[in-house]
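Here's the structure we're looking at; comments come further down.
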Number of protein chains: 2
Amino acid sequence: MEKKSKNIVENINNNETSLGFGISSIFIDEIRNAIRANDKQYLEDKILILHQADIADIFEILSKEERKTLFSFLQDKLPAEALASLDEQVLKDIIDNYKPSILGELIGKLETDDASYILENLDIEKRDALLEQIPKAPRNLIIQSLQFPEMSAGRLMQRDYVAVPRYWNVGQVIDFLRGSSKVPDQFYSIFIVDPKHMPVGTVPLHKLMRSERKVILSDIMIKEPVIVSVTMDQEDMAFLFEQYDLTSAPVVNSQNRLIGMVTVDDVVEVIQEEAEEDMLKLAGISGDTDLYLAAWQTARSRFSWLFINLLTAILASIAIGLFEGTIKQIVALAVLMPIVASMGGNAGTQTLTVAVRALATRELNQSNALRVFGKEILVGIINGLIFAVIVGLVAALWFGEHGLGIVIALAMLFNLFVAGFFGAAIPLLLQRWKIDPALGASILLTTVTDVVGFFVFLGLAQMLLI
Amino acid sequence: MEKKSKNIVENINNNETSLGFGISSIFIDEIRNAIRANDKQYLEDKILILHQADIADIFEILSKEERKTLFSFLQDKLPAEALASLDEQVLKDIIDNYKPSILGELIGKLETDDASYILENLDIEKRDALLEQIPKAPRNLIIQSLQFPEMSAGRLMQRDYVAVPRYWNVGQVIDFLRGSSKVPDQFYSIFIVDPKHMPVGTVPLHKLMRSERKVILSDIMIKEPVIVSVTMDQEDMAFLFEQYDLTSAPVVNSQNRLIGMVTVDDVVEVIQEEAEEDMLKLAGISGDTDLYLAAWQTARSRFSWLFINLLTAILASIAIGLFEGTIKQIVALAVLMPIVASMGGNAGTQTLTVAVRALATRELNQSNALRVFGKEILVGIINGLIFAVIVGLVAALWFGEHGLGIVIALAMLFNLFVAGFFGAAIPLLLQRWKIDPALGASILLTTVTDVVGFFVFLGLAQMLLI
């Protein structure tokens, strides 16, 4: 980061950014006023000196209309990296307004991974038209990148790296780096390759710096380094970076030849994305955050989950409907029944969330699944017993009927047991069946705890109280 | 990572690890067998060659008893870094079994941040006893580190860094690095300090490597670098690393003097932790994952949330209780009422989760709060209208009563509007009141959607149907 971040950092240090993030809300207000006043010069002066990520944040925070106006003022001068830092949805808003020639030039300046991020957000025709504007060498790399599966290491890697043979000495590397123009903007290690261009070692820069010029690379290189295959899923790759505290890793093709490099900044983004995805999926929002979608698009994307929820709610209603006669005789049942279902849903969600998260971080796996499963059932029984007593007493006192207390106590115990059982079983099974446990699990779980909650409570009441 | 990670990585590349993570379940089975057979030699041979993070994973995955036995075999030989990689709970299981002299020696070998992580998991007496075993210089640094607030940059920083004056040239730095023994194990940048030891610039190693020996540092340094204050919250720090793609940053004390360095591997952990914390809090689990707690401890830690949920469920029951007479006359109401509440809860949770996550990533803030709030209300109304029609038709057909359809349709529309309103308002307000929006928000929300759902549906029924 070469640009004006000093104030931003001081703000954060002093807790002075009411926005919490780099750019203050006062600054955004000034930008908004300038947009309204068509003050192009002011906007250029204030915005173009900022770091690319802060520029992207400004675009994200503005409304769709403000965004378009600001873009019309700045477009020729916006740094290409700012585009690559934009949220997908905001990028789509802006990208269509570019003259193809300018956009092509910008994309040509980017690293391959950033270029393909922008291009994958264009429709095929525009993409092809743009690709023609890009010089042949980078164009081929971009096309290759777009052919790797989404969320793979191939998409995230950059094609620039430093690779040298193992018999070189430190002095040769230093001279090479000083002389060569084909070196990446940022790198943390150099890769050592054999004659077939297969990576056989890495040397972190700090190790290189601390070694005498005459030292041979093979003597200081890390042997058997972590190597990422081009098709590796980004989640697996992120795991390797975390587990082994990596800052970069060589990427190899199916012939195990070095073709690129992934760096830790990309991995940081992957980690954020994956955590966000799981969190949103648990709440019934598939994929990315919909913060930047229009209201009707958001409503449409959330509809399907709510519709499935409606079906499961109707299922619960059907369970209740079986006991209409019982409810008619003891209306207190209708009053109390949501308690049983709600407690089951909550206890189950606790278990479920721990399990989904632990599966994602690989702390939960085949080797300890049975133990965790058993423990969660036990937790359900322990809290089931405690809440059975509490709720039983509350119900008995409220309605002055011992029988009602006993029925709700039994139903509570059973439903919290069920919650623990299914809260752990559902994500484990989904994972085994290669279904994303974050996505389907919570709806399945609450269906079970609702239906079981209503059915057992009302069923017991019918058996014992009538 | 210097050790046996090759097979692990190949396994991941080949999708062959049934565990998903670095160590295969077959390997764990072998370890378990060796533990049972008391085969100390086998365990040493197989485990001690592994990377510290993999060793930690093995301990985490074993049961409490297996853990203890394995520890008794390996204790003198376990690398200190493996201890620092352990989950807090597992660390506590192990740490009490150490001879203080051995533990003191191990801790003395660690970087300050890792040493204080281990020490903060001991009770005060043991901590003090251990500290006495550690040589004076590192001991003082560790004590200082423990005095910084938890989750602050001060806790995460290491005290080793490379700092040189700006008038040095590249050659001097290289000679200094080659000659000095007081250089951190890993570093990615050198820091440039003024005579008061205040950081005025940074030079990434790759820039240093590519510059001629005679180049003066002040000509290649990044001016106004991102500087972290020792009291900065780890979340803010992580934000800076992400925003500006940092690999390390200088940490300063209240006099703005350089006292340490944070590196990206620590930040990667912070990002994981913070995302996990939010996810678990939304599900009613405060703080860390309880995966490694015993069943009764887990039950106890989850109890309080369930108890609060019980109170809110009783509140909803009281709302229903107001309409006992109405339900007695029209039992269909009891059958249908959970649908209204459930849909409200789900729609609200969608909004809430997007808002909580966007607040955490700072995409949602003062400058766009009003717009997001308005949008969420609109989303609630749109889906409210659609589901009003669907549910209205279902109810009318099911019970053969138009009136019932109209009542549930109106209640659904109103409750999804309420869900959007409070789903967005609650986290925004909690954040403004400096309360963690992840923790209280979902219980508040479902209380509102439950109570409103039951009250409006039954209230409308009483007004319109009786």
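The values are calculated or read from the model by the stated rules, or taken from the named source; none is laboratory data. Keep in mind the model is a prediction, meaning the values are calculated, not measured. Using ideal geometry, Cβ is built from the backbone for each residue, glycine included, and neighbour counts are taken over all protein chains shown. These area figures cover heavy atoms from the full protein model, side chains too; ligands, DNA and RNA do not enter into them. Shrake-Rupley method; radii C 1.70, N 1.55, O 1.52, S 1.80 Å.
Structure data summary
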{"item": "Unmet requirement for B:TYR292, which otherwise passes all of (1) touching a residue at least 24 places away in the same chain (Cβ under 8 Å); (2) open to solvent by 10 Å² or more (accessible area, probe 1.4 Å); (3) farther than 30 Å from A:LEU385 by Cα; (4) not aliphatic (A, V, I, L, M)", "result": "(3)"}
{"item": "Residue among B:LEU311, B:LEU336, B:LEU291 that is closer than 30 Å to A:ASN383 by Cα, out of contact with any His (no Cβ under 9 Å at 6 or more places or on another chain), facing chain A (nearest Cβ under 7 Å) and assigned to a helix (DSSP H, G or I)", "result": "B:LEU336"}
{"item": "Those helices (runs of 4 or more DSSP H) lying entirely in region A:98-153 with at least 3 residues in contact with a Leu (Cβ under 6 Å, 6 or more places away or on another chain) and closer than 30 Å to A:SER229 by Cβ", "result": "A:112-119"}
{"item": "Of all residues making up region B:315-334, the number that are within 19 Å of A:LEU393 (Cα to Cα), surrounded by fewer than 20 Cβ atoms within 10 Å (Cβ to Cβ) and touching a helix residue (DSSP H, G or I) at 6+ places or on another chain (Cβ under 7 Å)", "result": "2"}
{"item": "The lone exception for A:GLU125 - which of (1) surrounded by 16 or more Cβ atoms within 10 Å (Cβ to Cβ); (2) farther than 30 Å from A:SER180 by Cα it fails", "result": "(1)"}
{"item": "Pick from region B:280-313, criterion touching a Phe, Trp or Tyr at 6+ places or on another chain (Cβ under 9 Å) and more than 16 Å from A:GLY423 (Cβ to Cβ), ranking: modelled with the lowest pLDDT", "result": "B:SER286"}
{"item": "So B:ALA358, is it at the interface with another protein chain (Cβ under 7 Å from one of its Cβ atoms), assigned to a helix (DSSP H, G or I), open to solvent by less than 40 Å² (accessible area, probe 1.4 Å) and aliphatic (A, V, I, L, M)", "result": "yes"}
{"item": "Which numbered condition A:TYR161 misses (of (1) assigned to a loop (DSSP other than H, G, I, E, B); (2) surrounded by fewer than 20 Cβ atoms within 10 Å (Cβ to Cβ); (3) touching a residue at least 40 places away in the same chain (Cβ under 8 Å); (4) away from every other protein chain (no Cβ under 11 Å))", "result": "(2)"}
{"item": "Single residue of B:SER248, B:SER211, B:SER218 found to be at the interface with another protein chain (Cβ under 8 Å from one of its Cβ atoms) and in contact with a strand residue (DSSP E or B) (Cβ under 9 Å, 6 or more places away or on another chain)", "result": "B:SER211"}
{"item": "Count of region A:391-416 residues which are over 36 Å from the mean Cα position of the chain (by Cα), facing another protein chain (nearest Cβ under 9 Å) and within 15 Å of A:SER342 (Cα to Cα)", "result": "1"}
{"item": "Matching helices (runs of 4 or more DSSP H) fully within region B:362-466 where at least 3 residues are without any contact (Cβ under 8 Å) to a residue 40 or more places away in the chain, of a type in the set (A, V, I, L, M, F, W, C) and under 28 Å from B:ILE314 (Cα atoms)", "result": "B:402-432"}
{"item": "Residue identified as assigned by TED's automatic domain parsing to the domain that holds A:SER101 and at pLDDT below 90 among A:ASP76, A:ASP45, A:ASP39, A:ASP57", "result": "A:ASP76"}
{"item": "Residue within region B:97-112 that is in the same structural domain as B:LYS64 (by TED's automatic domain parsing), more than 28 Å from B:ILE49 (Cα to Cα) and buried (at least 19 other Cβ atoms within 10 Å of the Cβ) present", "result": "no"}
{"item": "Within region B:258-277, considering residues that are within 11 Å of the chain's Cα centre (by Cα) and within 7 Å of another protein chain (Cβ to nearest Cβ), the one farthest from B:ALA299 (Cα to Cα)", "result": "B:VAL268"}
